[in-house]
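Sharing a structure here in structure tokens format.
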Amino acid sequence: MPAWVRGTTTAWFGWSGAEYAASYSKLVWRSGASLSLRYAALLLVTALVSPHLNVYDLVVVSPALLMIGNWALECPDHPLSTLTQRLLYGAYALPLFGVLTQFTHLQLSVVAMSGLSVTVAATALRQGDVKDWRIFSGSARIMSGRLTDVRDESA
């Protein structure tokens, strides 16, 4: 197979993946999930779609990782919480191992951040179905389809 065909195929898959991620982030943004999860998903997809992301540009991802970590610690009973925590560890540590790209021919941090963005998107899109999980930081939570304050329950 000629090199230009391999390059064209790789570019086609790359741009298709970027378009899929951008359209999926649009669905997440329009979902009824908390603003922090929606914002985190948007930041992750922005970093993943960017073709010229350097190590020092990863400061863009750090607020997203902090918000996702906050959610994972607030909702330990969620089925995706453990997986989210493990992917967070990878997303924090794997950019430091960029040297391994010479052997793997794939940045492992991209795999971790892609998995993290998929789990965050799945969580954000499912939050409309599950009413009992705390999805807002602070004292607010979703109960029986409406936003209530925890302080109002004690009265």
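Out of the residues in the range 101-141 that are β-branched (Val, Ile, Thr) and either under 19 Å from ASN54 (Cα atoms) or in contact with a Ser or Thr (Cβ under 6 Å, 6 or more places away or on another chain) (or both), which is modelled with the highest pLDDT?
In the first step, residues of the range 101-141 are kept if they are β-branched (Val, Ile, Thr); the result is 101, 104, 110-111, 118-120, 123, 130, 135.
From what is left, the residues that are either under 19 Å from ASN54 (Cα atoms) or in contact with a Ser or Thr (Cβ under 6 Å, 6 or more places away or on another chain) (or both) are 101, 104, 110-111, 119, 135.
Values: THR101: 81, THR104: 82, VAL110: 84, VAL111: 87, THR119: 91, ILE135: 41.
Looking at the filtered set, the residue picked out is THR119.
For the range 24-32, state whether one or more residues are modelled with pLDDT under 85 and charged (D, E, K, R).
yes
Tell me the helices (runs of 4 or more DSSP H) entirely within the range 52-106 that contain at least 2 residues that are touching a residue at least 40 places away in the same chain (Cβ under 8 Å) and either surrounded by 16 or more Cβ atoms within 10 Å (Cβ to Cβ) or not small (Gly, Ala, Ser) (or both).
Working: elements: 62-74, 81-93, 101-104.
Helices (runs of 4 or more DSSP H) meeting the threshold: 62-74.
The values are calculated or read from the model by the stated rules, or taken from the named source; none is laboratory data. Nothing here was measured: the structure is a model prediction, and the numbers come from that model. Every residue, glycine as well, gets a Cβ built from its backbone with ideal geometry; the counts of neighbours run over all protein chains shown.
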